[in-house]
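Student: Pasting a structure here, questions to come.
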Amino acid sequence: MNGFDRPEQPRSSGLSGDAELLEAMVEGASEGLVLLSAGGLILRANHAASKFIGQDRDSIIGRPIQAVLFKGAFEGSFIAEVVASHLAVSRAYDLADGRSVLVQGRPVVAGAARVVLVISDVTSVKQLVNLVQGPAGEAQSTWAEMRCAERTPPDGAPVVVRSAAMQAVRDKALQCATVDSPVLLRGETGTGKGVFAKLIHEASARRSGPFCVVNCGAIPEGLLEAELFGYARGAFTGADSRGKVGLIELAHAGTLLLDEIGDLPLGLQVKLLRFLESGEVWPVGASKGKRPDVRIVAATNRDVRQMIAEGSFRKDLYYRLNVLSIHIPPLREHPEDIPWLVATMLEQLERRLGRRKGIAPDALEAIGRLPFPGNVRELWNVVESLVVTVPSEIIEATDLPVDIADAPDALPAATREYDGGDLRQALRKLEAQILREALQRYGTQSKAARHLGVAQATIARKSKLYGLDA
Ligand SMILES: Nc1ncnc2c1ncn2[C@@H]1O[C@H](COP(=O)(O)OP(=O)(O)OP(=O)(O)O)[C@@H](O)[C@H]1O
Ligand SMILES: [Mg+2]
C-alpha cells in the first residue's frame with residue numbers, strides 16, 4: 001500500500017475497483033503501451049499499441065516485438081539494451097507514412113524482469129525540432145539517435161514530470177538537447193534547474209562526454225577565472241607551475257553548467273561572452289587560445305532582466321546565453337506533482353536508509369497544502385525528516401510537524417485569553433493548554449513529545465504537574 005492512488009481517484013467514478021480504474025487508464029491512453037518479457041515477447045498491449053502495430057491484439061500476444069512493430073524496422077537489440085542498462089532508453093523512428101514515433105523502454109520488475117514500451121506519435125515535436133535546427137542530414141541523425149535516460153546521477157532518482165507544466169519543461173529540455181546552443185534555465189531555488197541541466201546533457205549526443213558544473217557564486221572572482229579558463233604554465237606567482245586546465249576545456253565534448261550565472265562578476269562576464277562569440281578560450285597568461293567543443297547551460301534563480309537594468313549583468317551576455325530559455329515553475333504552481341514526488345522520494349529513501357514507509361492520503365493532502373518556498377528541495381527535506389522520525393510504517397497527518405498539520409489553529413486559545421496579570425502564572429496556563437491539546441491531538445506522550453521537540457520525560461513530568469494524565 002503506498003497511499004498514492006487515492007488522491008487520483010475520481011470521487012464519482014462508476015468504476016468499482018483499482019484494477020478496473022487502472023485498466024481504463026491503460027486502455028484509454030493515447031500512447032501505445034506494451035508489456036514485454038525480458039526476451040522481448042509481447043505479454044500485453046493496449047488498444048493504442050495494437051493500432052501502432054496495425055494488428056489485432058489476439059494475433060500479437062506471445063510474438064517477438066521486433067517481428068511486428070514498424071513492419072520489422074524496430075531493432076530487437078533495443079530491449080536487450082533496456083534490460084542490461086536498467087535505464088529508460090528512448091529511440092525515435094521515422095515511419096514510411098511520414099509519422100515520427102518515439103519509443104521509450106523502461107525496465108520494470110513485476111514478479112520477473114519485464115520491459116514496458118511506451119510508443120508515442122511525436123510528429124509535431126519532430127516538426128518543431130526541424131524548425132529549430134533545419135532538417136539537415138546531421139539533424140536527422142541526431143534525432144534518430146536521441147536517447148534520453150531520465151535519470152540524474154549521483155542519486156539516480158527519476159525526474160518527476162506528471163503535471164502538464166512540468167511535462168512542458170521536460171519536452172522543452174528534450175528539444176534543447178537536440179542542438180548545441182546555450183540554454184538558460186530560470187527558476188526559484190530548489191525547482192530542479194540542476195536536474196534539468198543534467199537531463200539536457202543526458203538526452204543530448206554529448207551524453208558520453210563530461211558534465212561539468214561550476215557554481216559562479218561560490219568561488220571568489222580571482223579563482224573563478226582560473227577555474228573556468230585555466231592558466232598557462234608559470235602564469236603568476238603562487239600558481240601551480242604546470243599550469244591548469246580550465247573547466248570550459250575540461251568539459252570538451254560534453255556540457256558545462258554555469259550555475260548561479262547571476263553571480264558571475266562583470267569582468268568574467270566579458271570573458272565568457274568572448275568565448276561564446278569566438279569559441280576560443282584563453283587560459284590566463286597563455287599566448288594562444290584553444291577551441292574546446294563544449295555546450296553551455298546556465299542557471300539562475302535571480303531576475304537577470306532586473307540585474308541588467310541595475311547594470312550588474314551584461315545585456316549582450318544575457319542575449320547570448322538566453323538563445324534557448326527554460327523557466328521551471330515553482331512547486332506551488334504544480335502541486336499535482338507532489339504525490340508522485342513524495343512516492344519517488346519514499347522509494348529513494350527506502351533504498352538509501354533501508355526504511356520502508358507509506359503515507360496516508362490525508363497526510364499527503366496536508367503536505368500538498370504547504371507553501372514550500374524552497375520548492376522540491378524543501379519537500380525532500382520534509383519527507384526525509386518524516387521517514388527518519390516517524391517510527392510507524394505509515395506516515396499519518398498527525399505525524400506532520402504541528403506548524404504543518406494546521407498552522408492557523410496551532411496557537412492555543414490561552415494566548416488569546418491572556419488578560420494581563422502575573423506572567424509566570426499565565427505562562428504555566430499556556431503550557432498546560434499546549435500540552436493538553438498536543439496530547440489530545442497525538443494520542444500518546446511520545447508522539448506529543450516529538451512534535452513539541454521535548455523529551456517524553458518532560459511531557460510525563462509536566463502532565464503530572466498540571467494533572468493532565470488523570
Ligand atoms: N522534477 C523533479 N523530480 C524529482 N526530483 C526533483 C525534481 N526537481 C527537483 N528535484 C530534486 O529537488 C532537489 C533540488 O533540485 P535542484 O538542485 O536541481 O534545484 P535548483 O533549481 O538547481 O536549486 P538551486 O537554485 O538552489 O541551485 C534535488 O534533490 C533534486 O533531485
Ligand atoms: Mg542548482
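The values are calculated or read from the model by the stated rules, or taken from the named source; none is laboratory data. This is a predicted model, so every value here is computed, not measured. Counting neighbours? That spans all protein chains shown, and the Cβs are built from the backbone with ideal geometry, glycine included.
Student: Tally the residues that are within 14 Å of Leu400 (Cα to Cα) and either not aliphatic (A, V, I, L, M) or not in a helix (DSSP H, G or I) (or both), restricting the search to the stretch 422-442.
Tutor: Adding up the residues that qualify gives 2.
Student: Scanning the stretch 73-117 for residues that are of a type in the set (Gly, Ala, Ser) and at positive phi, which turns out surrounded by the most Cβ atoms within 10 Å (Cβ to Cβ)?
Tutor: Just the residues of the stretch 73-117 that are of a type in the set (Gly, Ala, Ser), to begin with: 73, 76-77, 80, 84-85, 88, 90, 92, 96, 98, 100, 105, 110-113.
From what is left, the residues that are at positive phi are 98, 111.
Details: Gly98: 7, Gly111: 5.
Going through the qualifying residues, I end up with Gly98.
Student: It is to be established whether one or more residues within the stretch 185-201 are away from ligand 2 (no atom under 16 Å from the Cβ) and either basic (Lys, Arg) or modelled with pLDDT of 90 or more (or both).
Tutor: Let us first name the residues in the stretch 185-201 that are away from ligand 2 (no atom under 16 Å from the Cβ), namely none.
No, there is no match, as no residue in the stretch 185-201 is away from ligand 2 (no atom under 16 Å from the Cβ) and either basic (Lys, Arg) or modelled with pLDDT of 90 or more (or both).
Student: Ok, one more. List the residue pairs whose Cβ atoms are under 6 Å apart, where the first residue sits in the stretch 390-413 and is over 14 Å from Ala438 (Cβ atoms), the second is part of a helix (DSSP H, G or I) and modelled with pLDDT of 85 or more, and the two are 6 or more positions apart or on different chains.
Tutor: As it stands, the answer is Val390/Asp399; Ile395/Ala363; Ile395/Leu386; Glu396/Ala363; Ala397/Asp362; Ala397/Ala363; Ala397/Ala366, since those pairs meet every condition given.
Student: Another question, if that's okay. For a quick check of your reading of the model, give me the residue pairs whose first member lies in the stretch 244-268 and is touching a residue at least 24 places away in the same chain (Cβ under 8 Å), whose second is of a type in the set (Ser, Thr, Tyr) and within 15 Å of ligand 1 (Cβ to nearest atom), with beta-carbon atoms closer than 8 Å and at least 6 apart or on different chains.
Tutor: That search, which allows pairs on different chains as well, returns Glu260/Thr300; Ile261/Thr300; Gly262/Thr300.
Student: Now a separate question. Given Val101, Val116, Val122, Val109, which one is out of contact with any Phe, Trp or Tyr (no Cβ under 7 Å at 6 or more places or on another chain), under 23 Å from Glu27 (Cα atoms) and modelled with pLDDT of 80 or more?
Tutor: Answer to the selection: Val116.
Student: For the stretch 177-276, which fully contained helices (runs of 4 or more DSSP H) count at least 1 residues that are within 16 Å of ligand 1 (Cβ to nearest atom)?
Tutor: 193-203
Student: So which pairs qualify, if the first residue must be in the stretch 365-378 and closer than 20 Å to Val159 by Cβ and in contact (Cβ under 8 Å) with a residue 40 or more places away in the chain, the second must be within 16 Å of ligand 2 (Cβ to nearest atom) and among the polar types (S, T, N, Q), the Cβ gap must be under 6 Å, and the two must be at least 6 apart or on different chains?
Tutor: Asn375/Thr191
Student: On the given criteria, is Ala360 away from ligand 1 (no atom under 13 Å from the Cβ), modelled with pLDDT of 90 or more and farther than 22 Å from Val169 by Cβ?
Tutor: Yes; evaluated as a whole, the condition is true for this residue.
Student: Is there a residue in the stretch 280-292 that is outside any strand (DSSP E or B) and within 16 Å of ligand 2 (Cβ to nearest atom)? Step through it out loud before you land on a result.
Tutor: The first filter runs over the stretch 280-292 and keeps only residues outside any strand (DSSP E or B), leaving 280, 282-283, 285-289, 291-292.
In the following step, the residues that additionally are within 16 Å of ligand 2 (Cβ to nearest atom) were identified as none.
Looking for residues that are outside any strand (DSSP E or B) and within 16 Å of ligand 2 (Cβ to nearest atom), one finds none in the stretch 280-292, hence no.
For every residue, the table says whether it meets (1) of a type in the set (S, T, N, Q); (2) within 26 Å of Gly105 (Cβ to Cβ); (3) modelled with pLDDT of 85 or more; (4) loosely packed, with under 13 Cβ neighbours inside 10 Å.
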| position | (1), (2), (3), (4) |
| --- | --- |
| Arg6 | no, no, no, no |
| Asp18 | no, yes, no, yes |
| Leu22 | no, yes, no, yes |
| Leu36 | no, yes, yes, no |
| Gly39 | no, yes, yes, no |
| Ala45 | no, yes, yes, no |
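Student: Is there any pair with a first residue in the stretch 280-299 that is within 22 Å of Arg206 (Cβ to Cβ) and a second that is within 16 Å of ligand 2 (Cβ to nearest atom) and basic (Lys, Arg) whose Cβ atoms are under 8 Å apart and which are 6 or more apart or on different chains, and what are they?
Tutor: Pairs that qualify, where the first residue is within 22 Å of Arg206 (Cβ to Cβ) and the partner is within 16 Å of ligand 2 (Cβ to nearest atom) and basic (Lys, Arg), are Ala299/Arg186; Ala299/Lys193.
Student: Within the stretch 297-320, track down each residue that is among the hydrophobic types (A, V, I, L, M, F, W, C) and within 16 Å of ligand 1 (Cβ to nearest atom).
Tutor: We begin by selecting, within the stretch 297-320, every residue among the hydrophobic types (A, V, I, L, M, F, W, C); these are 297-299, 304, 307-309, 313, 317.
Those that are among the hydrophobic types (A, V, I, L, M, F, W, C) and within 16 Å of ligand 1 (Cβ to nearest atom): Val297, Ala298, Ala299, Val304, Met307.
Student: Now for a different question. Any idea which of Ser50, Ser77, Ser30 is modelled with pLDDT of 80 or more, out of contact with any Gly (no Cβ under 7 Å at 6 or more places or on another chain), closer than 27 Å to Thr344 by Cα and among the polar types (S, T, N, Q)?
Tutor: Ser30
Student: When both residues are 6+ apart or on different chains and their Cβ atoms are under 6 Å apart, which pairs have a first residue that lies in the stretch 160-175 and is outside the structural domain of Leu102 (by TED's automatic domain parsing), and a second that is part of a helix (DSSP H, G or I) and among the hydroxyl-bearing types (Ser, Thr, Tyr)?
Tutor: Listed pairs, sorted by first residue: Val160/Thr344.
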